[in-house]
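Some notes on the structure that comes next.
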Amino acid sequence: MATLHTAVTSELHGYNPEQLLGKGKLASGTASKRGSSEKSVPHSVAYQIGGISFGMFSDGDVLLALDSALHEFAVPVIAPKNCDVNIRVSLVDQLSAPQRKPLFHSGGLWSLFEERRGQQDGYRLNFQRSFPGETPYKSVWFDRNFTTGHLQLSRLFFPQDRPVYPLEYPLDEVLMIHRLACGQGLEVHAVGIVDEIGRGHLFLGHSGAGKSTTARLWLAQPNIRILSDDRIVLRRRDGQIRMFGTPWHGDAGISSPDSAPVTNIYFLEQYRHNEILSLAPGFATAELFARSFVPRHCAQGLEFALSFIESLARTIPCNIFRFVPQQSAVEAIRHARD
């Protein structure tokens with residue numbers, strides 16, 4: 001049976017109204033640009049996104065690797081279970097599908113179940129193709145705070161002698177969304193740009209609104225940093241709202257592990273001329289929520305996300321940016337800035 005290392009594309013239905021396709025390929029070379037390679041550390045890999053570190057360690061029979069899109073985000077593996085989120089990875093002969101009703105079904109490959117292990121409540125994510133009679137190819141249990149997990153891979157799909165990126169998309173992003181919902185921050189559908197004087201501009205938009213187009217326009221400018229052209233993580237750090245790049249890029253293929261304070265928020269609309277319209281906090285809150293990745297099946301996570309978004313809308317200037325996809329759009333933002 002064919003393996004699933006790079007063949008599967010999937011959806012994150014319920015978190016965002018768009019269909020999300022898998023990005024990146026499994027890296028079978030070095031697992032980290034910072035000294036953590038497959039030859040030296042074949043059973044442990046780690047990466048960091050938005051200041052949150054994710055570590056994976058195997059039982060000894062799984063060779064681990066990072067997706068190539070994560071190489072810039074890789075961090076050294078100092079010791080197992082030393083990250084913010086720690087995941088044990090095992091190979092099993094076969095996985096069985098739960099018989100109970102899921103708490104949430106993505107409409108694609110994965111479903112979320114509530115599950116108690118011993119004395120600890122938690123969640124199970126099952127990944128299964130829609131072929132009749134086929135069993136899950138991957139299943140992972142996490143505690144309620146998404147800090148500790150046990151990921152099981154079916155030998156029917158994952159051979160023992162090949163390196164595996166166990167959090168293959170969309171699991172890595174689903175995990176990030178749930179971890180952020182535990183009081184850590186928020187992921188949004190946006191491009192993050194740091195201009196030449198260090199101001200952080202967050203441009204939000206659904207698919208087709210012009211995020212990648214905006215990123216390409218700013219790329220032509222000197223001394224500009226672009227954190228991502230599609231996914232940005234927002235977190236409150238040292239009294240500031242900071243935006244962090246992610247590996248889940250858009251059409252422009254831009255991603256960076258860097259971060260910067262957010263000074264302005266814009267909602268993108270392509271238009272016949274450039275204009276910036278100020279938004280009241282109430283309207284801005286609704287627009288931000290519509291472009292956020294929030295686990296709507298989790299009442300506590302939903303409550304935190306709404307509170308976080310309301311705070312953003314009150315403290316950071318929010319505007320609708322109607323723009324022509326030309327260099328004049330960059331100058332319109334600079335003019336408003338100055």
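Out of every Cα pair in the chain, what percent are spaced more than 38 Å from each other?
Details: 9489 of 56953 pairs.
In whole percent, the share of Cα-Cα pairs in the chain beyond 38 Å is 17.
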### Query
Comparing Asn126, Asn223, Asn274, which has the greatest mean-square fluctuation in the GNM of the chain with Cα pairs linked when under 10 Å apart?
Asn223
### Task
May I have the extent of the alpha carbons of region 284-338 along their three principal axes, as whole Å values ordered from largest to smallest?
43, 22, 11
### Query
Anyone know which of Leu103, Leu70, Leu204 comes out most mobile in the 10 Å Cα GNM of the chain?
Leu103
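Summing -39500 (n - 2.57) over the DSSP H runs of n ≥ 4 in the chain and dividing by its residue number, what mean residue ellipticity at 222 nm do you reach, to the nearest 500 deg cm²/dmol? Walk me through the numbers before you get to the answer.
On the way: 5 runs with 58 residues, N = 338.
That comes out to -5500 deg cm²/dmol.
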### Message
Show me, for region 54-67, the HN-Hα J-couplings you get by feeding each phi into the Karplus relation (A = 6.51, B = -1.76, C = 1.60, θ = phi - 60°), rounded to Hz, glycine and proline as x.
### Response
10, x, 10, 9, 9, 6, x, 9, 10, 8, 9, 9, 9, 4
### Task
Please report how far the C-alpha centroid of region 140-155 lies from that of region 86-139, rounded to the nearest whole angstrom.
9 Å
### Rel. contact order, % - alpha carbon contacts under 8 angstrom, at least six apart, the chain
15 percent
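Would you calculate the volume per residue, in Å³, of the smallest convex hull containing every Cα atom of region 44-181? Could you put the intermediate results ahead of the total?
Values: hull volume 16.9 nm³, N = 138.
For region 44-181, the hull spanned by Cα atoms encloses 123 Å³ per residue.
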### Query
³J(HN,Hα) across region 246-260 via Karplus (A = 6.51, B = -1.76, C = 1.60, θ = phi - 60°), whole Hz, x for Gly/Pro?
9, x, 8, 8, x, 5, 6, x, 9, 8, 8, x, 6, 8, 6
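Across the chain, how many lysine pairs, 8 or more apart or on two chains, come within less than 19 Å at their alpha-carbon atoms? If you can, show how the numbers build up before the last one.
On the way: Lys23/Lys138; Lys23/Lys211; Lys25/Lys33; Lys25/Lys138; Lys101/Lys138.
Taking the chain as the scope, the lysine pair count is 5.
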### Computed FRET value (nearest 0.05) for Ile276 with Leu302, which takes r as the C-beta separation and R₀ as 35 Å
0.70
### Task
With springs connecting C-alpha atoms under 10 Å apart, model the chain as a Gaussian network and identify which of Gln99, Gln327, Gln128 has the largest mean-square fluctuation.
Gln99
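Give me the percent of DSSP beta bridges within region 186-337 that run antiparallel, rounded to the nearest 5. Provide the component values of the computation, followed by the final result.
Details: 28 of 38 bridges.
In region 186-337, approximately 75 percent of DSSP beta bridges are antiparallel ones.
Only the coordinates and a few stated rules stand behind these numbers; no lab work does. Worth saying up front: this structure is predicted, and the values here are computed from it rather than measured. Cβ atoms come from the backbone with ideal geometry, glycine included; neighbour counts cover every protein chain shown.
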